[in-house]
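Novice: The structure under discussion is supplied below as C-alpha cells; questions concerning it will follow.
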C-alpha cells in the first residue's frame, strides 16, 4: 500500500463505496470510482503509463489523470477527473462541432505537453506501424469514451492503456476516424450520419494540420482502422470477454471491407481536407 513518494495511509487509500464507471472494452466492469479516485487493474506496461502521466503532471498539463499509487487490492489509483465521458447513447451536445473542435484542441495541447517525454527507458504496448511510431508518445486510443467533458468542452483524456511511441498524425487519424466519424453512413446511427466528411475538415482545421499532414491523413486513417482491428482480434482470440462481445456485435468493419470503402471515398476525403 503506497502513495506518492512512498507514503502510507494516505487519504486516497481509505476504503469507501465503489461506483463502477461506464465505457471501455479492455477493462469493462473493472474500473471503479472511490471518492475522488479511480481504481483500475495494473498491467505489464503500467510503469510506462505512470511515467507518462507523471511527466504530464510535471509540465502542468491538466488534461490527464494524476497517479496516486496502488491500493490494498493491488489496483492502480488515479485522481478522478470531474466531468462526463461520452458513452452510448451519445448525447446531442457531444456531437456538436463545438465539442469536436474542443477534442482536436485538447489533443494538440496533449501533443505539445508530451513532446519532451523520453519513452526509451520503458516497456510499452505494441506500437503503431511505421511510419507512425516514434515521433512522440501518443494516446493511441481516442475513442469517444476516453475523453472527459465539462460544459460541453473536452477537458481531459483518460485510459492511457494503449499509450506508447506513436505520432501526432496517428492520434489525429484515430480521433478523426471515430469522432467525425470516417466510416460508411449505414453504420452511423446518430446525428453525425452524413456529416463525416464535413466534420473531418472541422477536426483537421481545429487541430491545425499542415497541408502535408492533410494529404497523408486518409492513408493514416486506413492503417489506424486495420491496426485497431488487429488489436480487437488478438484480444478476442485470447478469450477477453469485452473484445469478444465487440467482435460478435456485428458493428465491426473488416479490414478488406473498410479498405475498399475508404478507397472509394479517397477523392471526397482529399477534397474535404483541402477545400
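The values are calculated or read from the model by the stated rules, or taken from the named source; none is laboratory data. Because the structure is a prediction, the values reported are computed rather than measured. Neighbour counts are summed over all protein chains in view; Cβ atoms, including those assigned to glycine, are modelled from backbone coordinates with ideal geometry.
Novice: I need a count of the residues in the stretch 175-189 that are surrounded by fewer than 23 Cβ atoms within 10 Å (Cβ to Cβ) and either at positive phi or touching a residue at least 24 places away in the same chain (Cβ under 8 Å) (or both). It would help to see each step written out before you state the result.
Specialist: Restricting attention to the stretch 175-189, the residues satisfying the condition of being surrounded by fewer than 23 Cβ atoms within 10 Å (Cβ to Cβ) are 178, 181, 183-189.
In the following step, the residues that additionally are either at positive phi or touching a residue at least 24 places away in the same chain (Cβ under 8 Å) (or both) were identified as 178, 183-184, 187.
Summing the residues that are surrounded by fewer than 23 Cβ atoms within 10 Å (Cβ to Cβ) and either at positive phi or touching a residue at least 24 places away in the same chain (Cβ under 8 Å) (or both) in the stretch 175-189 gives 4.
Novice: Does residue 116 meet the test of being surrounded by 14 or more Cβ atoms within 10 Å (Cβ to Cβ) and in contact (Cβ under 8 Å) with a residue 24 or more places away in the chain? Spell out the reasoning first.
Specialist: Numbers: surrounded by 14 or more Cβ atoms within 10 Å (Cβ to Cβ): no; in contact (Cβ under 8 Å) with a residue 24 or more places away in the chain: yes.
No; evaluated as a whole, the condition is false for this residue.
Novice: Looking only at residues that are part of a helix (DSSP H, G or I) and more than 15 Å from the chain's Cα centre (by Cα) in the stretch 230-240, which one is modelled with the highest pLDDT?
Specialist: The first filter runs over the stretch 230-240 and keeps only residues part of a helix (DSSP H, G or I), leaving 230-237.
Add one more test, that the residue is more than 15 Å from the chain's Cα centre (by Cα), and what stays is 230, 233-237.
Values: 230: 70, 233: 64, 234: 62, 235: 58, 236: 52, 237: 53.
By that ranking, first place goes to 230.
Novice: Let me confirm something: among 65, 47, which residue is under 13 Å from residue 163 (Cβ atoms), out of contact with any strand residue (DSSP E or B) (no Cβ under 6 Å at 6 or more places or on another chain) and either at pLDDT 95 or above or not in a loop (DSSP other than H, G, I, E, B) (or both)? Reasoning before the result, please.
Specialist: On the way: 65 fails: out of contact with any strand residue (DSSP E or B) (no Cβ under 6 Å at 6 or more places or on another chain).
Just one listed residue meets the conditions, 47.
Novice: Then there's this: Looking only at residues in the stretch 69-93 that are in contact with a helix residue (DSSP H, G or I) (Cβ under 8 Å, 6 or more places away or on another chain) and not in a strand (DSSP E or B), which one is nearest to residue 48 (Cα to Cα)?
Specialist: Ranking the candidates gives 71 first.
Novice: Here's a follow-up. Output the number of residues of the stretch 144-174 satisfying the condition of being in contact (Cβ under 8 Å) with a residue 40 or more places away in the chain and not in a strand (DSSP E or B). Reasoning before the result, please.
Specialist: Residues of the stretch 144-174 in contact (Cβ under 8 Å) with a residue 40 or more places away in the chain: 144-150, 152-165, 168-174.
After this cut, where a residue has to be not in a strand (DSSP E or B) as well, the list is 144-146, 152, 158-163, 168-174.
Count: 17.
Novice: From the set of residues in the stretch 190-208 that are free of Cβ contacts under 8 Å to residues at least 60 places away in the same chain and not in a helix (DSSP H, G or I), which is nearest to residue 89 (Cα to Cα)?
Specialist: In this case the residue turns out to be 193.
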